[in-house]
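Notes follow once the structure below has been shown.
Read-outs: derived from the displayed coordinates by stated rules, not from any lab. Quick caveat: nothing in here was measured; it's all calculated off a predicted structure. Neighbour counts are summed over all protein chains in view; Cβ atoms, including those assigned to glycine, are modelled from backbone coordinates with ideal geometry.
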Amino acid sequence: MSLQYCADPSLLHGWQWLSCYLLTPKHQLFYTSFLVVFALLAITAPVVLLLGFAGAMAKRSSFLPLRWFGSIYTSMVRGVPDVIFFLFVPIALDQLVEYARHKIKCPDITAPVYQGSDFIVCAAAKMPTSNADAWVHQLWGFSLAVIAFSIVFGAFAANTIHGALQAVPHNQLETARAYGMSDSQVFRRVHLPQMWTYALPGLSNLWMILVKATPLLFLLGVEDIVYWARELGGAKTSYFEYPHPDWRLWYFLALLVFYLLLTWLSGKFFARLTDKFSVDKSRSKANSIKPTLIGIGR
Amino acid sequence: MSCVQIIADFGLRSIGIGERILPKKDISICEQIVLIGSGMLWNLYFAILAVVLGFFLATALAVARNSNSLLIRKPADWFVFLFRGSPLFIQFFFAYELFSVLPRNGIDIPLVLTTITIDTSWLTKAWLGALIVLFLNTSAYSAEIFYGALRAVPKGDLEAADAYGFSGLTKFRKIIWPTLLRLAWPSYTNEAIFLFHATALVFFSGFPAWRQKGDALYYASYLAEKTYNPFIPYPIAAVYFIAFTLLIILLFNAANKRLNRHLPSNEQRRVRYKPNLVR
């Protein structure tokens, strides 16, 4: 996609130059990288919910080791910055996978994998294999990022869901039991549906945090919007087709506006949803104090 | 090399005291613990200054948001929206670029008799530039918490204050503010913890580490890169962060006790350590 008058950029001026500049192939890659953000959100959000649910169930389990596991999982994000997980989980997973493949594919190599300052596995165990296409490497990197995000935010979600399960009034559950429902029936028919109204404020908060954490993809080496903003914004000498001074400020301003819009729209959406599902409409109107959200994730 | 020697060499490496060259190979566990610990100084520096300074701006912002005047309320609303609605990571990048386009040799402000030159070159350094961003960021988040608490101050308290003849600043200082702090304190504790965690982002965003003087996570990722083994440096950094998180909880709990000292012990609200996701 390119406009006709863009054939020779050096002759262009003003808005014509700008319109051609903004349609260069690299800029089109920049625009598509916004889809990476949405893809990450679309994939992680359901996984996060699922993990959060599993974590909350583990925390409620009557089996002690499982309960410990659930408690450790949900409390780890409270003491340790999420950035550490984002840096640690992808490398650690990468090495664990390669180590496992190394053990399976090359069982006759007995040398330790950590040699001095190297991590050495046999060629067949490399992940992805060295002859794989570039897109496989990209996809593998993105998948590791998705897993890291899911683990961290799953722990936050587990906190929320566990809290919401606790918040369901006891008499509702007792009433259900009095009607002769079994434990699993009480859980499925009363506890779980009632839980959602209590979990909604927390989950909407979690969504905001997830949105605001997406630029951290850049740290994981994914070619996301931050990557392209730095790449395109940097000063271009006359060697380039479209020379310009350092414009990173404007690119980051665009990202700032993009995120403000995204959180603003999400806020509107969740406000509507909360209105619809709020437990007691008259009370929520009278108590017009907005739930103060907390600053995790930033 | 003994561990004591390593502490002498690298204990204050993050602020430029001691050995200049970072360990490159055959890195021992002791070196990792000491180096990451020295990086922690930066995290503490950012967190303490940002929280202490942010506390005052946050109080001002919360009061401004509660103002009847549109001219005072709206700017405060926008400030909070700007910093809470966008990722801190992008704020760092943006601020760094903004500070770098400022003229290198300072801005001259002509006054009547003399000219003041404001040195702008410090702004692109992390110790000031990143601190400003963190300060504004935590102010916005804390202002939201304080504003919520301000709105929740019981009407009866205010009426009683009026009846006793309190007004203006005295009413705020003696009646509103203590109650505001009591109500906000549990959430504010969380905010302090998460701001402390956010300091780990500084050297991964726009602000470069000058002469390899970085924070705990900067050194952890450096060591993970050099040893190609993430399983040692990152857990060390995590342990440091957990330890200081517990310290923050301890300090804020003590403050909470003092704020609620007039209440019988069974009525005092405990600080909740979990993120208050459900409200």
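Quick notes on this structure:
- The orientation-averaged projection of the convex hull spanning the C-alpha atoms of chain A amounts to 23.8 square nanometres.
- Peptide-level mean, for B:77-89, of C-beta atoms on other protein chains within 10 Å: 6
- Partner chain coverage, peptide A:152-165 - average Cβ within 10 angstrom: 2
- On full extension, the segment bounded by residue A:66 and residue A:250 gains 61.3 nm, given 0.36 nm per residue less the C-alpha separation.
- More than 34 Å apart - percent of Cα-Cα pairs taken over the protein assembly as shown: 49 percent
- Sorted by Cβ neighbour density within 10 Å, fewest at the top, the residues B:13, A:248, B:258: B:258, A:248, B:13
- Cross-link reach is defined here as a Cα-Cα straight distance under 19 Å, omitting same-chain residues fewer than 8 places apart; for residue B:171 the lysines meeting it are B:155.
- Separation in nanometres of the label points that stand 7 Å from Cα toward Cβ, at residue A:16 and residue A:172: 6.6 nm
- Distance between the range A:87-149 and the range A:160-226 - C-alpha centres, whole angstrom: 34 Å
- Taking 0.36 nm per residue of separation and subtracting the Cα-Cα distance, full extension of the segment from residue A:76 to residue A:99 would add 5.7 nm.
- Global size of the range B:138-270 as Cα Rg and Dmax, reported in angstrom: 20.9, 69
- Treating r as the C-beta distance of residue B:19 and residue A:5 and R0 as 45 Å, the FRET efficiency rounds to 0.15.
- In summary, the helical segments of chain A meeting the span-like criteria, namely a full DSSP H run, a Cα extent along the axis of 24 angstrom or more and a mean Kyte-Doolittle hydropathy of at least -0.5, are A:25-60, A:82-105, A:134-167, A:192-213, A:248-277.
- Taking only the alpha carbons of the range B:1-71, we obtain Rg and Dmax values of 20.6, 66 Å in that order.
- Residue exposure proxy: B:3, A:20, A:6, ordered by other Cβ atoms within 10 angstrom of their Cβ from fewest to most, comes out as B:3, A:6, A:20.
- Shielding by partners, peptide A:262-274 (average Cβ within 10 angstrom, other chains): 1
- Chain B - percent relative contact order, Cα under 8 Å, separation 6 or more: 26 percent
- Highest to lowest packing among A:197-206, B:231-240, scored as the average C-beta count within 10 Å: A:197-206, B:231-240
- At most 13 other Cβ within 10 Å, DSSP loop - chymotrypsin sites (Phe, Trp or Tyr not before Pro), the range A:21-71: A:63
- Calculated P(r) tail over 36 Å for chain B, as whole % of Cα pairs: 29 percent
- Measuring nothing but how far apart in sequence close Cα pairs (under 8 Å, 6+ apart) lie, relative to its length, chain A scores a relative contact order of 22 percent.
- Sequence-distant residues sharing a close amide H with residue A:236 (under 5 Å, placed H): A:244
- Computed from Cα positions, the angle between helix B:177-198 and the longest principal axis of chain B comes to roughly 20 degrees.
- Note on A:105, B:24: ascending count of other Cβ atoms within 10 Å places them as B:24, A:105, the fewest first.
- 24 Å Cα-Cα reach of residue B:24 towards lysines, excluding residues that sit fewer than 8 places from it in its own chain: B:213, B:226
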